[in-house]
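S.K.: Please read through the structure below; I'll follow up with questions.
Bear in mind these aren't lab numbers, they're just calculated from the coordinates by the rules spelled out. Keep in mind it's a predicted model, so treat the numbers as computed, not measured. Methodologically, a virtual Cβ is constructed for each residue, glycine included, from the backbone with ideal geometry; neighbour enumeration extends over all protein chains shown.
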Amino acid sequence: MNKFKLIGLNILLLISQIDALSPSISTNLTDKNDDSEIMKLMMYPWATFGEKELSLIKLGNITTSIAILSDTKIITGSYNGTLTIWTLNPIDKTYSFIELQGHTGIITSIAITQNGQIITGSSDHTGRVWTKNPENQTYSSIELKGHTNLISSIATYPNGKIVTGSWDHTARIWTHNPKNNTYNSIELKGHSGEISTVVIKPNGIIVTGSWDHTARVWTRNPNSDTYSSTELRGHSGMITTISILPNRQVVTGSSDRTARIWTVNLNNKKYSSYVLAGHKGGITSITTSPSSEIITASLDGTARVWKLHNTNLQDIYEHSNEEHFLEKCTFIELRGHTGPVISVILSSNRKIITGSLDNTARVWTMNPDNGKYSPYELRGHLGRIISMTISPNNQIITSSADNTIRAWNQDPSYGTYSSILLTK
């Protein structure tokens with residue numbers, strides 16, 4: 001058997017072992033309060049393989065990342081480096097697709113710019129900017145070269161600038177050069193570990209999270225193309241996820257089983273953090289609501305909706321590197337999954353959607369009379385949920401280790417959900 005097939009079979013075996021283990025993980029977590037190693041296995045199964053092996057992995061159409069291009073167009077990236085654009089017909093529940101080739105490694109992340117360009121990141125160390133040709137409906141791509149390891153996260157500015165985070169410990173800001181149709185980049189150095197996530201605040205400030213247990217807030221130096229950062233220390237495990245509150249405060253989630261709300265003074269680089277503790281497993285995903293609720297998902301098989309009653313934390317700027325446990329904070333725990341919850345998203349109509357390694361997603365609806373949440377289970381996948389997203393019209397898209405994608409729509413008359421099965 002050649003090396004190519006052997007590595008592919010090894011990864012498939014690893015994923016099947018993870019799937020078999022998944023339901024018991026949430027009930028067999030240790031008391032060490034850091035789930036870094038198990039989170040790397042669950043969230044990045046390819047992380048156990050070296051760069052040379054990564055370049056050879058081909059696992060068919062298993063989808064690793066999803067983005068929404070429009071109400072009827074879904075973008076997916078796969079293990080074999082293929083980018084697929086799906087066009088849905090919601091009336092007769094049919095679909096068509098086109099495949100775009102260019103990457104030679106796993107597509108790990110996808111973002112969409114305001115003008116409809118598709119940005120992809122890959123384990124082949126490159127990004128690509130895909131642009132549609134209006135004359136013949138084909139796509140061409142420009143390669144983003146500079147990183148020396150896997151690109152893990154992508155964020156975009158309204159003006160088309162791109163920010164990528166990488167396992168090479170750096171982030172890069174990419175700007176299009178129209179003279180030669182290439183992209184120039186500025187490197188952001190400071191982290192001592194793999195960058196796991198990148199977000200851009202509404203005011204344009206970049207925030208990165210890393211396996212080095214820190215987040216960094218990056219600001220451009222006056223009259224310069226260089227950037228400096230404020231390092232946020234406090235977590236005792238790798239940072240896995242970042243979200244931004246409406247008041248622009250940063251919220252981080254970590255393998256140390258806590259979330260933190262950060263107040264930062266960029267003028268003197270002082271900061272304080274408020275700790276949200278209680279999960280019995282590492283935090284895998286965070287989202288925030290327009291009313292400043294924080295929703296966390298965890299390896300412990302639950303999600304939590306945190307309601308903050310004292311979000312005005314601006315009075316603690318002078319206390320550098322000080323942490324507080326919120327005294328006026330309540331939470332509602334969302335229980336029902338039988339495996340780790342690896343993703344949480346919020347719909348425009350305030351429904352919470354969770355995806356789990358138990359092969360299901362759940363849609364949680366709050367009863368305004370008592371504040372409690374009731375779940376609707378989205379059942380149909382035969383493998384663990386890998387990624388999820390939601391469209392502007394609240395269509396839920398899930399991808400699974402069963403090699404399929406499902407587009408879920410709610411029947412407004414009955415409140416039930418049905419799905420269109422997308423497969424090749």
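S.K.: Which value in nm describes the separation of the simple spin-label points at K201 and S96, placed 7 Å from the Cα toward the beta carbon?
M.R.: Computed distance between label sites K201 and S96 equals 4.6 nm.
S.K.: Would you tally the net charge around T360, using a Cβ to Cβ cut-off of less than 10 Å, leaving T360 out, and scoring K and R as +1, D and E as -1?
M.R.: +1
S.K.: May I ask for the Rg/Rh ratio of segment 331-424, computed from Cα atoms with Rh as the Kirkwood radius, given to two decimals? Show your work: numbers first, answer last.
M.R.: Details: Rg = 12.9 Å, Rh = 13.5 Å.
My calculation puts Rg/Rh at 0.95.
S.K.: Run the simple label-point estimate for N223 and E135 please: 7 Å along Cα→C-beta, distance reported in nm.
M.R.: Simple spin-label model gives 4.6 nm for this pair.
S.K.: Sticking with this structure for a sec: Take the Cβ-Cβ distance between S418 and E37 as r, set R0 to 35 Å, and report the resulting FRET efficiency rounded to the nearest 0.05. List each step's numbers first, then the result.
M.R.: Numbers: r = 39 Å, r/R0 = 1.11.
Once the sixth-power term is evaluated, E becomes 0.35.
S.K.: Something else about it: On a C-alpha basis, how far is the centre of segment 149-192 from the centre of segment 356-424 in Å? Whole number, if you could?
M.R.: So the two Cα centres are separated by 32 Å.
S.K.: For segment 345-424, which chymotrypsin sites (Phe, Trp or Tyr not before Pro) are both in a DSSP coil and crowded by at most 12 other Cβ atoms within 10 Å? Write out the running numbers ahead of the final one.
M.R.: Details: sites: W364, Y373, Y376, W408, Y414, Y417; in loops: Y414.
Here the sparse-neighbourhood loop sites are Y414.
S.K.: 5 Å is the cut-off here: which amide hydrogens, built 1.01 Å from N in the peptide plane, fall below it relative to Y227, excluding neighbours closer than 5 in sequence?
M.R.: So Y227 has HN proximity to N221.
S.K.: Mind listing the long-range amide H neighbours of G301? Cut-off is under 5 Å, sequence gap 5 or more, other chains count too, H placed in the peptide plane at 1.01 Å from N.
M.R.: Placed amide hydrogens put V341 under 5 Å from G301.
S.K.: Another question about this same structure. Binning at 10 angstrom from zero up to the longest distance, how are the C-alpha pair distances of segment 226-285 distributed in percent?
M.R.: 23, 51, 23, 3, 0
S.K.: Can you list the equivalent-ellipsoid semi-axes of segment 50-207, largest first and in whole Å, using the square root of 5 times each Cα gyration tensor eigenvalue?
M.R.: Working: eigenvalues 126, 75, 44 Å².
Rounded to whole Å, the semi-axes are 25, 19, 15.
S.K.: Please report I283, I353, I38 as a ranked list, fewest other C-beta atoms within 10 angstrom at the top and most at the bottom.
M.R.: Taking fewest neighbouring Cβ atoms as first place, the list is I38, I353, I283.
S.K.: Taking a 23 Å limit on the Cα-Cα distance, which of the listed pairs K73/K93; K145/K201; K132/K351; K161/K424 fall beyond it?
M.R.: Working: K73/K93 13 Å; K145/K201 25 Å; K132/K351 33 Å; K161/K424 33 Å.
Beyond 23 Å between Cα atoms: K145/K201; K132/K351; K161/K424.
S.K.: May I pose another question? Any idea what diffusion coefficient segment 81-162 gets from Stokes-Einstein, in µm²/s, Kirkwood Rh on alpha carbon pairs, 37 °C, 0.692 mPa s? All intermediate terms of the calculation are to be shown ahead of the outcome.
M.R.: Details: Rh = 13.6 Å.
Answer, rounded: 241 µm²/s.
S.K.: Follow-up. 7 Å from Cα along Cα→Cβ at both E143 and R350: what's the point-to-point distance in nm?
M.R.: So the two model labels end up 5.0 nm from each other.
S.K.: What list do you get for I405, I205 if you sort them by fewest beta carbons within 10 Å?
M.R.: Working: I405 27, I205 18.
In order of increasing Cβ crowding within 10 Å: I205, I405.
S.K.: Taking neighbour counts of Cβ atoms within 10 Å as a proxy for exposure, in what order, fewest first, do T156, T252 appear? Let's see the in-between values first.
M.R.: Values: T156 19, T252 25.
Fewest-to-most Cβ neighbours within 10 Å comes out as T156, T252.
S.K.: Which trypsin sites (Lys or Arg not before Pro) does segment 252-307 hold that lie in a coil by DSSP with at most 11 other beta carbons within 10 Å? Could you put the intermediate results ahead of the total?
M.R.: Values: sites: R257, R260, K269, K270, K280, R304, K307; in loops: R257, K269, K280.
Hits after loop and neighbour filter: nothing returned.
S.K.: Hey, what D do you get for segment 364-411 in µm²/s if you plug the Kirkwood alpha-carbon radius into Stokes-Einstein at 25 °C and 0.890 mPa s?
M.R.: Values: Rh = 12.2 Å.
My calculation gives 201 µm²/s for D.
S.K.: Another question about this same structure. For Cα pairs less than 8 Å apart in space and 6+ apart in sequence, what is the mean separation divided by the residue count of segment 363-424, i.e. the relative contact order in percent?
M.R.: Working: 95 pairs, mean separation 12.7, N = 62.
Worked out over segment 363-424, it gives 21 percent.
S.K.: Given a Förster distance of 45 Å, report the FRET efficiency between D411 and N265 from their Cβ-Cβ distance, rounded to the nearest 0.05.
M.R.: Details: r = 50 Å, r/R0 = 1.10.
After rounding, the FRET efficiency stands at 0.35.
S.K.: What residues have an amide H closer than 5 Å to that of T197, excluding those fewer than 5 places away on the same chain, when H is modeled at 1.01 Å from N in the peptide plane?
M.R.: The list, which skips near neighbours in sequence, is G209.
S.K.: Over segment 172-266, what per residue volume does the convex hull of the Cα atoms give, in whole Å³? Before the final figure, lay out each step's value.
M.R.: Working: hull volume 10.2 nm³, N = 95.
With only Cα atoms used, segment 172-266 gives 108 Å³ per residue.
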